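What follows draws every value from the coordinates through simple rules; no lab data is involved. Everything numeric in this text was worked out from a predicted model, so none of it was measured. Reconstructed Cβ throughout: ideal geometry from the backbone, glycine too, with neighbour counts over all protein chains shown.
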Amino acid sequence: MRLRQVTLREIHMTLVAPFETSFERTHERRILLVEANVDGVVGWGECVAGETPYYSPETIDTAWHILKDFVWPALAGKEFSKASTIWELLGRIRGHNMAKGALESAIWDAEAKIKGVPLWKLLGGTRAEISSGVSIGIKDSLEELTAAVRKELAAGYQRVKIKIKPGWDVNAVARVRQEFPRVRLMADANSAYRLEDWPLLKQLEGYYLMMIEQPLGWDDLFSHVELQRKLETPICLDECIHTEDQARAALELGACRIVNIKLGRVGGYTVARRIHDLCQERAVPVWCGGMLESGIGRAHNIALSTLPNFSLPGDVSASHRYWEQDVIEPEVTVSPQGTIRAPDGPGIGFAPQIERIEQRTVRREHLV
Ligand code: OSB
Ligand code: MG
């Protein structure tokens with residue numbers, strides 16, 4: 001196979017409601033979509049880098065630069081046998097996983113389309129239906145928060161994650177637990193705390209959380225080891241796990257007991273699968289995180305979530321929770337049981353809607 005051409009484009013999409021984390025509030029998304037032409041077949045990928053460097057060092061603009069000036073030149077014209085060999089070809093480029101993962105995942109889509117098989121099967125996925133949870137942002141009041149939880153539970157979602165930050169933590173968790181005594185509940189701090197805050201995090205243990213996600217520094221495994229020793233609640237790492245080596249270190253050191261895997265954060269499917277396998281060997285469950293993706297990234301998250309050790313509900317939920325109209329057909333829907341069916345069609349199995357994508361495109365570049 002050979003990568004013949006790549007198109008980068010930036011689309012603008014407005015979320016149906018602002019989404020607030022401990023680090024920012026997002027309403028307008030600037031999304032980088034990648035089209036990879038492999039032997040005349042086009043695969044699609046989405047770069048999950050945000051508009052700001054507040055979640056990870058990458059942004060949509062750094063990703064554009066790295067894709068154009070380094071990732072594309074490293075792959076242009078090279079003969080390769082399968083998408084699983086792409087990661088090695090990018091080895092000279094340090095970091096910039098979201099840039100790499102966007103193109104790598106597009107090439108996986110193209111390979112699956114060339115072979116006429118669903119991407120999730122090409123990856124080795126084993127579940128035709130995945131379990132879905134929701135991530136609920138920080139709200140202006142506890143009433144708004146409980147109303148949001150009520151709505152998602154009525155829709156069937158199997159697990160609720162709420163975002164926390166100092167001042168919106170024990171009170172929010174306590175309130176949700178009080179109103180929904182049996183909900184599978186977890187909290188995500190996006191690195192808003194320091195190890196000295198451990199007594200406050202310890203207080204959360206009274207509310208039976210499935211896990212606390214990324215409480216401490218985005219690159220600080222050491223403090224998470226210390227914290228996990230003090231807590232009975234499992235720590236789940238998100239931001240900290242950006243390489244296979246970080247994942248191995250986190251598991252060996254005991255920095256977490258659960259891992260959130262995001263395709264972009266780890267540079268694509270090859271590393272995502274390796275981290276998945278590492279965790280599986282150690283009986284550490286994983287689940288698929290979300291990054292407020294358009295339908296393209298969402299479709300990839302569904303494919304990834306079919307791997308066997310994705311045994312906990314992920315943050316992959318219905319298109320309509322994010323967008324008035326998504327850029328794929330069919331849009332992603334969730335059953336009343338809180339599940340999403342993996343598609344039967346080739347590749348990502350959801351068709352990008354060119355006219356809708358064109359309408360939202362503000363910038364485009366062909367790399368040939
Ligand atoms: O930490 O998982 C996170 C969104 C943007 C950046 C980081 C995170 C999130 C979410 C939203 O939690 C998940 C989603 O619904 O896509
Ligand atoms: Mg997170």
Total residues in the stretch 305-338, condition closer than 19 Å to ILE136 by Cβ and not in a loop (DSSP other than H, G, I, E, B): 4
The stretch 66-81, residues that are assigned to a helix (DSSP H, G or I) and either under 16 Å from MET291 (Cβ atoms) or in contact (Cβ under 8 Å) with a residue 24 or more places away in the chain (or both): ILE66, LEU67, LYS68, PHE70, VAL71, TRP72, LEU75
ASP61 vs (1) in contact (Cβ under 8 Å) with a residue 60 or more places away in the chain; (2) among the charged types (D, E, K, R); (3) outside any strand (DSSP E or B): all pass except (1)
Residue count, the stretch 199-219 (criterion: within 16 Å of ligand 1 (Cβ to nearest atom) and either over 18 Å from ASP169 (Cα atoms) or not in a strand (DSSP E or B) (or both)): 9
What pairs can you find where one residue is in the stretch 312-335 and farther than 28 Å from ALA283 by Cβ and free of Cβ contacts under 8 Å to residues at least 60 places away in the same chain, the other is more than 12 Å from ligand 1 (Cβ to nearest atom) and among the charged types (D, E, K, R), and their Cβ atoms are less than 6 Å apart, with a gap of 6+ or different chains? SER319/ASP326; SER319/GLU331
Pick from LEU251, LEU304: which is within 16 Å of ligand 2 (Cβ to nearest atom) and touching a Leu at 6+ places or on another chain (Cβ under 9 Å)? LEU304
Test each condition in (1) farther than 24 Å from GLY50 by Cα; (2) touching a Gly at 6+ places or on another chain (Cβ under 7 Å); (3) within 16 Å of ligand 2 (Cβ to nearest atom) for ASN260 and report the one that comes out false. (1)
Counting only residues that are in contact with a Phe, Trp or Tyr (Cβ under 8 Å, 6 or more places away or on another chain) and either free of Cβ contacts under 8 Å to residues at least 24 places away in the same chain or under 20 Å from HIS366 (Cα atoms) (or both), the stretch 4-24 contains a total of 3
Run ALA102 past the list (1) in contact (Cβ under 8 Å) with a residue 40 or more places away in the chain; (2) surrounded by fewer than 23 Cβ atoms within 10 Å (Cβ to Cβ); (3) not aromatic (Phe, Trp, Tyr) and report the number of the one that doesn't hold. (2)
I'd like the residue in the stretch 165-192 that is assigned to a loop (DSSP other than H, G, I, E, B) and loosely packed, with under 15 Cβ neighbours inside 10 Å and, out of all such residues, is nearest to ligand 2 (Cβ to nearest atom). PRO166
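Taking only the stretch 133-164 into account, find how many residues are part of a loop (DSSP other than H, G, I, E, B), within 15 Å of MET211 (Cβ to Cβ) and within 16 Å of ligand 2 (Cβ to nearest atom). Show your work before the answer.
Going residue by residue through the stretch 133-164, those that are part of a loop (DSSP other than H, G, I, E, B) are 133, 137-141, 156-159, 164.
The next check asks that each one be within 15 Å of MET211 (Cβ to Cβ); those that pass are 133, 158-159, 164.
Subset that is within 16 Å of ligand 2 (Cβ to nearest atom): 133, 159, 164.
Total satisfying the criteria: 3.
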